[in-house]
1. Scan segment 53-75 for residues that are within 19 Å of ASN9 (Cβ to Cβ), in contact (Cβ under 8 Å) with a residue 40 or more places away in the chain and in a helix (DSSP H, G or I) and report the count.
2. Can you run down the residue pairs with Cβ atoms below 8 Å, 6 or more apart or on separate chains, where the first is in segment 30-52 and under 19 Å from HIS4 (Cβ atoms) and the partner is at pLDDT 85 or above and of a type in the set (D, E, K, R)?
3. Are there any pairs with C-beta distances below 7 angstrom linking a residue in segment 1-27 that is aliphatic (A, V, I, L, M) and surrounded by fewer than 15 Cβ atoms within 10 Å (Cβ to Cβ) to a residue that is at pLDDT 90 or above and assigned to a helix (DSSP H, G or I), with the two at least 6 apart or on different chains, and if so which?
4. Please go through segment 14-25 and give me each residue that is closer than 16 Å to ALA114 by Cβ and not hydrophobic (A, V, I, L, M, F, W, C), ordered by number.
5. Please enumerate the residues belonging to segment 28-52 that are surrounded by fewer than 17 Cβ atoms within 10 Å (Cβ to Cβ) and either of a type in the set (Val, Ile, Thr) or in a loop (DSSP other than H, G, I, E, B) (or both).
6. Of the numbered conditions (1) more than 16 Å from the chain's Cα centre (by Cα); (2) at pLDDT 90 or above; (3) of a type in the set (D, E, K, R); (4) under 24 Å from LEU109 (Cα atoms), ARG61 fails exactly one; give the number of that condition.
Amino acid sequence: MDNHYVVLNIAMDAPDAVVRAAYRVLAAQFHPDRHAADPAMLQRMQAVNAAWRVLSDPTLRAEHDAQLRRQWRRRASDSAAVPSTVCAEPPRARVDAVADAAGEKMRALAHRRAVVAGLYATNAVLR
């Protein structure tokens, strides 16, 4: 299942205005008129359109959120069911490297959200 929030690079609690702004930015970036012969860009645009279709409709968005929560609970229960003898403690250096990578991804995501919010604010002022 696709996580439409990841496709649009927004938070799950993002208001409708942020969803709309993120869609507009990505639609302009991946529009087929800009990338005529690139099938990868066409697929990306289709994913952006699907995300917009789901997240712009309150009913579909609520169903999507519920499905994500069920998926997360299932993953959490699957990992809890693994015996502790199978899950060896990873080396400390690996844990630190994973934490550093996760922190860098979170900083990049926060930056992208700020850029989208700024673009939305700029577009809202121009109207």
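The values are calculated or read from the model by the stated rules, or taken from the named source; none is laboratory data. Source: prediction; values computed, not measured. Neighbour counts are summed over all protein chains in view; Cβ atoms, including those assigned to glycine, are modelled from backbone coordinates with ideal geometry.
1. 5
2. Short answer, once both residue conditions are applied: PHE30/ARG44.
3. Pairs that qualify, where the first residue is aliphatic (A, V, I, L, M) and surrounded by fewer than 15 Cβ atoms within 10 Å (Cβ to Cβ) and the partner is at pLDDT 90 or above and assigned to a helix (DSSP H, G or I), are MET1/GLN67; ALA11/TYR5; MET12/TYR5; MET12/ASP65; ALA27/VAL48.
4. PRO15
5. HIS31, PRO32, ASP33, ARG34, HIS35, ALA36, ALA37, ASP38
6. (1)
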